[in-house]
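Just so it is clear, none of the values below were taken in a lab; they were calculated from the coordinates. All figures in this text were calculated on a predicted structure; none of them were measured in a lab. Cβ coordinates were reconstructed from backbone atoms using ideal geometry, including for glycine residues, and neighbour counts include every protein chain displayed.
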Amino acid sequence: MLISILLILPFVCSCLMIASSSRDVNSSFRMGLLCTAMPLALATVLVFIGGQQTDNYLWFSFLEIDIEFSLYGRGLSLWMAWLATLLCFLAFTYSKTALSFGIKKFAVGLLALEGTIIGAFFSAQNLVQFLFFFEAMILPAAILIALYGGLKRRRAVITFSLYTLSGSIPLLFGAWYLMAKAGSDNIYAIAETLKTLPLATQTYLFIAFSIAFAVKTPLFPLHSWQSITYSEAPYPLSAILSGAMAKVGVFGFAIWTIPIFHKQVTEYSLYLIPFALFSALYGAALALQQINIKRLLAFSSMSHLGLAMAGLFCLDDVVNAGVAVMLIGHGLTAGGLFFFCGIAQKWTGSSDIKLYGAFATTNPIFASIFGFLGIAAVAVPCTVGFVGEFLILQGLFNSGFAFFAVIGGICVICSAAYILRLIKNVLFGPVPENSGRANVSLSKFEGIAAVPIIALILYFGLHPAPILNSFENKNENPALTEQEMQEFERFLEHLINMEAQDSIANDSLEEISDEQ
Amino acid sequence: MATQIPLWIIPFFPLLGALALGAIALTRTKSEQPAPEGYIGALAVSFPFISFIATVMFAIEMPRDGVYTETLGSWISIGSFQVSFGFLFDSLTKIMLLFVTGITTLIVLYSIGYMKGDVGYTRFMSYLNLFLFSMIVLVLSDSLPLTFLGWEGVGLCSYLLVGFWNKDLLNCKAANKAFLVNRVGDVGFLLGMFTLLALGGTSLLNYANLNEALSGGSLAHVSFARELIIIAAFFLFFACTGKSAQIPLLTWLPDAMAGPTPVSALIHAATMVTAGVYLMARLSALFAFDLFFSVIVLLVALATALWAAIAGLLQHDIKKILAYSTISQLGFMFMAAGAGAYDVAIFHVFTHAFTKAALFLGAGSVIHSLGGEQDIRKMGGLAFKLPSTFFIMLIAWASLIGLPGLACFWSKDLILESIYSAPMLYYTALFTAILTAVYMTRLMVLVFLGKFRGSSHTAEHMHESSIVMQVPMWILAAGCILAGYAPLTNENHHTDIFVILACCGGTIVGLSFAAVYFSKKIPRYPGHNELVGFARTWTFLFDKLHFLLGILPARIAMSILDPVNRFLRITMIVIGAIPVICSEGLRFMQVNKLRVQLALSVISSVILAYWLVFFIR
């Protein structure tokens, strides 16, 4: 019930925002705050009650493929959706000072984007539904960049939308093929059908399923859209793109690619981990030499998510929980850094970090928050990033090739190097002359909105149990582990052998046994 | 018998102090009137003092070889992976905590005078309290992950305090270097923890369990247990070399002198840099597991001690001389640890903390009275101008070079004894001890004797430091005399009269040589203004080595990956351009040719549907 409301709510709010005044900025800002706060409140309630899920409803049948609709909000899905609502709320808070015009339209687009992102995170069981939201989220994001972006926004929009859309074409074809074979879009049915296919076909499908998510994350050769998009988008949007939307890529791997192609992932694990690690190193090396502040953050984001992907490929329950913690930590810190780098960019009117400096002297409160977020991005213990990195690195160490952890460690060192360089360039140094720094200061909303970010970073850093606990209930996690897959298979075999059509089997199971 | 006060009281008050002072510093930023320094200073010194009192109470109540433990709650807990916040107070913790909280209290008191009038006064006090909190957590923790929290915490505070005067980018560079070099060591710490995890799960991260497992032989059934233990010890030792500035990760410490002098005294001489020695003593069962490993530790320690002593001879910056001296003395501590005499190592940590803190505070007093001058070539003859500082530094000097009866004499003597069985090592260490006497005497002669060589302007403004700065210095000077009599070592160290005589004789020879030589040969100040802070005078290839191994590969990777990235972007643009070009070509079909388009789409739909229905199933 609540979960369905949470999915619909952003869209409803989006419609509500259309009704707000476009002339009176303050009134539409208040309205927007309310509209973005409601999904956050609802998501928080859901987190507290431990998540919900709906039954499978038949959505429509198409060419004998039964397309179902169900919402799944537990574990990773729920936490990611919560993160998305939180970041949208914060992003809207920052948008008042970030945007020079059209807060109302921004809120409309933002809420639509939020709805599609939540939809994608809640689609953990039905492929068509997931694909729908996965593609749909590009539209509001692209429109928002086109409306509010920087000077090169035209190029950014074309790059972003074409790249991500064409990246998911292989996924669409693969999904279509699999669904047609399975006669259903349910993840269990698809996973079962896959096993009947020839090995070569399985591998091709695996690649098809990986490319789309690798584009979204992004992983190494498919990342070119990212830096221009993040740097041209208005900074509240960059925070969402990096903090919430990029997570859909990791989520796709965790919920779709790995459970369906469990055999392939297990087999190629020792190739996939270095691949993800290379992506992390690549992002770090490029972040080290960026002078554009948002590009630096974009590559830092790529580096962190590459590390998270490497953790995901360890295929270990503890590490998976660590990945979730890391994703939440990255959402909070990268989101916060995007907000505050955006503010610095607005104040100085430049994106070149060499032209910044001395905010520690002129704006100490800004500098304190910025410095804290930077230190959190370095993943010092006490911050949430550390818990994630600790669990992931220990997973890499035990992944069968301990050297991976050393590479992960190099990424950690590099992250310290580029973040400290960023802090040094932005905060420290002599006060530049004629900068007019005395006139700028952090607004009330900008300051207050940083409080929940800082509080959550510290809270989850010292007490990650709320996140970790939601991964201990394995039965409810749709991302099947190996053991669960085996149990499921045994159950299925049992059903088939008994030729049971009795009431134990639920709808989807019946279908599968029919197929067989 | 359990005591009534909980252990978390000890770290709690500095944390409270850090938060309260931080809040004051933040809220006062824009106000015209700065926060009242007297009140802030009193507040800042009271929190460490409460910690000190609490520690003393625990220390008094604690029975001999007693252990207090306390678990506050779980930190990372999932499945069998269990890491908790737990404290452990035993005799090792007792020694460390007593001098850490005590010296911090004194140095905060000193800072009240030293930092007077600085814009960041409150912020500075907040950082000092935060540092004390981290250091207490490091020492008090009962498991490696929590120690790591303190370990990174002190590194962070070191970063914040080295770069405290952040208007000068050179200071910030020094701070970044300190953090990054430590970070390299920290990755070693992480890898060491992971090795232990691979060996026996999270329970092995707890010190008590680890020691039990190593001594009880419960790991015998694990394959490669011996190899894994050695690997873990190696990684953790690497972490110790980072924090304690040993070869190969020692270059950050001289640069870290860019921070305010109380910071150098507290963090980079007395407390934080000894964390590596503490960790080795804490994990003595792990480090003493294999003889081969002990030899490596000994060699690294000896090389560091000798190298830093030579480097100390060639410095002109008073703080850098003391910094290299610290590295050298840390080498002595590691020597004792490598020889298996962990109690002696901790004893030297204890005596050295008082001595070096007194020396640094004295140096700070000199720098303060000369208006920020740090070059010993521009000093001289200060003995009569700053008599109090002179006497304090004289006592500390006598202690550090090991004149009989003073604090460091006892500990250094025990260290030399512990490696007496290996003559090569022993004579090198003895030579290093003589060098210590030479460079320290050089410092004293050039600063306090002869004629003043600075500008007349400085000479006029010279003044003895205020009483709030002098009191902590005198207390520390008393510590330099008395700390050596603290009963911290085991009884079973035999005393060889030859070792004592050789040590004393060598020291006296060294100091008389230096006293004569440097009174005559006074180095000229070259005239031009040298950079203080990041710029170093002589680091003996290690900076170059770091450049070759760390920065250069990163630069090469960057210069390779940058074209790769450009190539990928161009590829993307080219592929993106293909549809555009095609669409230009196909435009003739689209413009005003509705029927053609309609026909084409109908045909293609039919083909698609046909294919779907008949081929897929």
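Some observations on this one:
- Pairwise FRET efficiency - A:Asn26 versus A:Ser441, Cβ, R0 = 22 Å, nearest 0.05: 0.65
- Taking every DSSP helix (H) stretch of at least 4 residues in chain A, weighting each as -39,500 (n - 2.57) and dividing the sum by the residue count yields a mean residue ellipticity at 222 nm of -24000 deg cm²/dmol.
- Centre separation in Å (Cα based) which lies between the range B:1-73 and the range A:316-338: 32 Å
- Taken along the Cα-to-beta-carbon direction at a fixed 7 Å, the label points for B:Ala23 and B:Lys378 span 4.3 nm.
- Cβ crowding within 10 Å, taken as a proxy for footprinting-reagent exposure, orders B:Val83, B:Val181 from fewest neighbours to most as B:Val83, B:Val181.
- Relative exposure of A:Val215, B:Val100, judged by other C-beta atoms within 10 Å (fewest first): A:Val215, B:Val100
- Label-point gap, in nm, between A:Phe401 and B:Ser80 - each point 7 angstrom along Cα→Cβ: 2.5 nm
- Principal-axis analysis of the Cα atoms of chain B puts helix B:121-140 at an angle of about 90° to the longest axis.
- Whichever lysines have a C-alpha closer than 16 Å to that of B:Lys116, once near sequence neighbours (fewer than 8 apart) are set aside: none
- Between the range B:553-568 and the range B:156-221, the alpha-carbon center distance in angstrom: 31 Å
- Each DSSP beta bridge with both residues in chain A is either parallel or antiparallel, and the antiparallel ones are about 90%.
- Separation of alpha-carbon centers, the range A:387-448 and the range A:154-233, rounded to whole Å: 30 Å
- In a DSSP loop and with at most 11 other Cβ atoms within 10 Å, the GluC sites (Glu not before Pro) in the range B:29-109 are B:Glu32.
- Dipole magnitude (debye, nearest 20) for chain A, charges at Cβ of Lys, Arg, Asp, Glu: 3220 debye
- Diffusion coefficient, µm² s⁻¹, Stokes-Einstein with Kirkwood Rh over alpha-carbon pairs of the protein assembly as shown at 20 °C and 1.002 mPa s: 67 µm²/s
- Set of lysines near B:Lys451 by C-alpha distance (under 27 Å), chain-local residues within fewer than 8 positions excluded: B:Lys319, B:Lys320, B:Lys356, B:Lys378, B:Lys385, B:Lys520, B:Lys521
- Peptide A:365-372 has a mean shielding of 2, counted as Cβ atoms of other protein chains within 10 Å of each residue's Cβ.
- Average Cα contact separation per residue, the range A:268-480, under 8 Å, 6 or more apart, as relative contact order %: 27 percent
- Gyration tensor verdict on chain B (Cα atoms; rounded if a/c is under 1.5, prolate if a/b is larger than b/c, oblate otherwise): prolate
- The range B:15-138: projected area of the alpha-carbon convex hull, averaged over directions, in nm²: 9.4 nm²
- For chain B, the longest principal axis of the Cα atoms and the long axis of helix B:497-520 meet at an angle of about 90 degrees.
- Cβ-defined net charge surrounding A:Gly102, 15 Å radius [Lys, Arg +1; Asp, Glu -1]: +4
- Total formal charge among the other residues, if their Cβ is under 10 angstrom from that of A:Gln345, Lys/Arg +1 and Asp/Glu -1: +1
- Length-normalised contact order of the range B:81-170 in % [C-alpha pairs under 8 Å, at least 6 apart]: 33 percent
- Charge tally around A:Arg30: other residues with Cβ under 13 Å, Lys/Arg +1 each, Asp/Glu -1 each, net +1.
- With a cut-off of 19 Å on the backbone N, the residues of the range A:164-183 near the modelled label site 7 Å out from B:Trp611 along Cα-Cβ are A:166-182.
- With contacts taken as Cα pairs under 8 Å at a separation of at least 6 residues, chain B carries a relative contact order of 12 percent.
- The ranking of B:Ile415, B:Ile556, B:Ile9 from fewest to most other beta carbons within 10 Å of each one's beta carbon is B:Ile556, B:Ile9, B:Ile415.
- Candidate lysines for bridging to A:Lys346, where Cα separation is under 17 Å - those fewer than 8 sequence places away on the same chain excluded: A:Lys96, A:Lys152, A:Lys294, A:Lys354, A:Lys444
- Value of [θ]222 nm, deg cm²/dmol, for chain B, DSSP H segments ≥ 4, -39500 (n - 2.57) each, nearest 500: -23000 deg cm²/dmol
- Take each residue of peptide B:77-83, count the partner chain Cβ atoms within 10 Å of its Cβ, and average: the result is 6.
- Against chain B, whose longest principal axis comes from its Cα atoms, helix B:318-338 is set at around 90 degrees.
- Checking Cβ-Cβ separations below 4.7 Å across chain A identifies A:Cys15, A:Cys88, A:Cys314, A:Cys341, A:Cys382, A:Cys411, A:Cys414 as cysteines lacking any candidate disulfide partner.
- Added length on full extension, which subtracts the Cα-Cα distance from 0.36 nm per residue, B:Leu299 to B:Leu501: 70.3 nm
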